[in-house]
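Values quoted throughout were computed directly from the atomic coordinates according to the rules given, and no laboratory measurement underlies them. Bear in mind the structure is a predicted one, so any value in this text is a computation, not a measurement. Don't worry about glycine lacking a Cβ; one is built from the backbone with ideal geometry, like all the others, and counts go over all protein chains shown.
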Amino acid sequence: MTTIAWLGTGLLGSAFVEAALGRSLRVRAWNRTAAKLEPLVARGAVPCATPSECARDAQRVHLCLMDDASVDAVLEELVPALAAGVPVVDHTTVTPAGARARASRLGAMGVAYISAPVFMGPINARQSTGRMLCAGPTPVLESLSHALRPMTGDLVLLGEDHGVPTALKLVGNAMIIGVAGCLADAFALGQGAGIAPEDVQKFVTGFPFANIVAGRGARMIQGDYAASFELSMARKDVKLMVETAGDRPLGVLPGLGARMDALVSEGHGGDDLGVLSIATIPAKK
């Protein structure tokens, strides 16, 4: 029976452990708050008091922690207990710089480190749906693929640069968080005009946002800011949105308006709304 070590049993980590136990894997589990292990122990997981204890006798190690600092702290305790050739698969959402530094440091120690952030919630982890992005040494990725594929609906192998999956994870989360913030502002705006959130939701659900991302996004990455929706007009609309929302708190629109004001003052009012990206992507000549 394959034995895996799982460190970090929050909502997502616990769901992954449950799924692993359901696939007849032997799971050694550790969490900084030991009480979170109790439901997993009842399902058959082996509780461990320390990261090093958790790593003993494991064929592979999975991390599902909070951030770079927590990953580094756990690895410091864990690595000395690793048997030769045991890979470390890190599902934590971290910085690209942190992941690259860890991969370099652990590689010099002979430890194979795999960056494997996921777009998966607890339900996805239990049902093996969602998406997992992976980078690491090619031979290790190839040998691990058979073990990682049953964990997710879509396993995406992205080469050896650990910064790629970790950056794309942050990009995806930026879109997810941004959409949630825009939805909250849209509900506030609708309420300010006497429109129920359910009606706002129905409207935006049917709106072709994917076409906007594809069309305007393509022009933005080319630095093509020829106007089809002038920034000054968009700024006027944001002002109307804020006014319509009234005294309801807004999370996205005020900051966006401030950025637009700065760009208008720099002379970009007649450019397309996509000029919001000009600090990253200069205008084409």
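Given +1 at the Cβ of Lys and Arg, -1 at the Cβ of Asp and Glu and no other charges, the dipole of region 167-277 around its Cα centre is 260 debye to the nearest 20.
Residue by residue, region 43-49 carries 3J(HN,Hα) couplings of 8, x, 6, 9, x, 10, 7 Hz when phi is fed to the Karplus relation 6.51 cos²θ - 1.76 cosθ + 1.60 (θ = phi - 60°); x denotes Gly or Pro. Computed about the Cα centre, the dipole magnitude for the chain is approximately 580 debye when only Lys and Arg (+1) and Asp and Glu (-1) carry charge, each at its Cβ.
Looking only at the chain, where both bridge partners belong to it, what percent of the DSSP beta bridges are antiparallel (to the nearest 5)?
The antiparallel proportion sits near 15 percent.
Value of Rg to Rh for region 69-204, rounded to two decimals, is 1.13; Kirkwood radius and Rg both from alpha-carbon coordinates. Restriction of the chymotrypsin sites (Phe, Trp or Tyr not before Pro) in region 198-256 to DSSP coil positions whose beta-carbon has at most 14 other beta-carbons within 10 angstrom yields Phe229.
Average the reciprocal distances over every distinct pair of alpha-carbons in region 167-277, invert the result, and give the Kirkwood radius in Å. About 15.2 Å for region 167-277. So, counting K/R as plus one and D/E as minus one, what does the shell of residues with Cβ under 14 Å around Ala73 add up to? Neighbour charge sum, excluding Ala73 itself: -3. Spatially close Lys pairs in the chain, defined by Cα atoms under 30 Å apart and a spacing of eight or more places or different chains, total 8.
Per residue, the convex hull spanned by the Cα atoms of the chain amounts to 170 cubic angstrom.
Placing one identical point scatterer on every Cα of region 3-161 and ignoring solvent, what is log10 I(q)/I(0) from the Debye formula at q = 0.14, 0.19 Å⁻¹? Values, matching the q order: -0.61, -1.23.
Ranking of Ile177, Ile281 by neighbouring Cβ atoms within 10 Å, starting from the fewest: Ile177, Ile281. Per-residue Cβ neighbour counts within 10 Å put Thr9, Thr280 in the sequence Thr280, Thr9, beginning with the fewest.
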